[in-house]
């Protein structure tokens, strides 16, 4: 698949994994697993990039005597997610036309 | 493999990175292993379900900015006397070559952006002319009558259409230029990392 396209889709997956509330790395991977299987090495750069783009914020909190990082979506991140959904709606309608049977 | 030796292997591969970057990346992997264990896996299972230390290290390196990779690369090289002599003697040869390649890459990138910029100037010119056409049309209907008014109005419409058309071209070219830039950065990085593995 086109690398740029896939990258955009994975960004959206990660944002979607925290759109209903903050989460942490392993939980996000588990939530995405039924749909798309990511590894730490894929997730980590995406999280850093999205943090740099101010699409999410990170906080460190203690959990069972160790530190864990929690990621929360920002308004900018939510806007990015909405853009993604709108773009794909258009693409899907093109896809439906391309795969339609019997058009002239 | 247990957690400690897994992390130690990544640490070893990232030796030449600044400590802060290295430890921050490692903390992410350590957290994920701990979370797997908490989720019911044994330590061995948790580590086995992660990717290899080599893959992890490569992903971390690819995510570093180019200057840090260059610095790491210089730091990692341990050169013998012969290598240093060759490097110094060969300087008149390799330095201009390296410079040429870098400047060539930069030039290609700049040329693409120049194209975007000049197309942008065309759009601006067309847009301004369209506005001028509308103003002329208003002037003509007061002073000169219908035929000239229609002429000016028609010209303004054509110019607006052209401006919109060229506008799409600018946006498309701009996207291409950004993609090209990203591809070039990725290429340079993997070049730096591959050499690092060999060293």
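Please treat every number below as a calculation from the coordinates, not as lab data. Nothing here was measured: the structure is a model prediction, and the numbers come from that model. All Cβ positions, even for glycine, are placed from backbone atoms using ideal geometry, and neighbour counts span all protein chains on display.
In this simple spin-label approximation, residue A:31 and residue B:102 carry label points 7 Å from Cα along the Cα→Cβ vector, and these lie 4.4 nm apart. Could you tell me how many degrees, from 0 to 90 and to the nearest 10, lie between the Cα long axis of helix B:3-13 and the main elongation axis, the longest principal axis, of the Cα atoms of chain B? Between the helix axis and the principal axis of chain B, the angle is about 60 degrees.
With a Förster radius of 35 Å, plug the Cβ-Cβ distance of residue B:188 and residue B:89 into 1/(1 + (r/R0)^6) and report the FRET value to the nearest 0.05. Here the calculated transfer efficiency is 0.85. Extent along the principal axes, Cα only, for the protein assembly as shown: 89, 61, 45 Å, with the longest axis given first. Taking the longest Cα principal axis of chain A as reference, the axis of helix A:75-99 is set at about 30 degrees. Which of B:45, B:55, B:83 moves most in a GNM of chain B, Cα contacts under 10 Å? Result for chain B, Cα springs under 10 Å: B:83 fluctuates most. Our analysis of the range B:91-198 gives Rg over Rh at 1.36, with the two radii drawn from alpha carbon positions and Rh computed by the Kirkwood formula. Just need the relative contact order of chain A here, percent rounded to a whole number, with Cα pairs under 8 Å and 6+ apart. Here the relative contact order equals 28 percent. Placing dummy labels 7 Å off each Cα toward the beta-carbon, the span from residue B:55 to residue A:39 is 0.2 nm. Within 10 Å of the Cβ of each residue in B:24-33, the mean number of Cβ atoms contributed by other protein chains is 5.
In the range B:99-199, Cα pairs under 8 Å separated by at least six residues give a relative contact order of 33 percent. Ratio of Rg to Rh for chain A: 1.08 [Cα atoms; Kirkwood radius as inverse mean 1/r over pairs]. The ranking of A:88, B:94 by Cβ neighbour count inside 10 Å, starting from the fewest, reads B:94, A:88.
Each stretch of four or more DSSP H residues adds -39500 (n - 2.57); spread over every residue of the protein assembly as shown, this sum gives -26500 deg cm²/dmol at 222 nm.
For the segment A:35-44, counting C-beta atoms of other chains within 10 Å of every residue's C-beta and taking the mean gives 5. Computed over Cα pairs, the Kirkwood radius of the range B:1-156 leads via Stokes-Einstein (1.567 mPa s, 4 °C) to a diffusion coefficient of 58 µm² per second.
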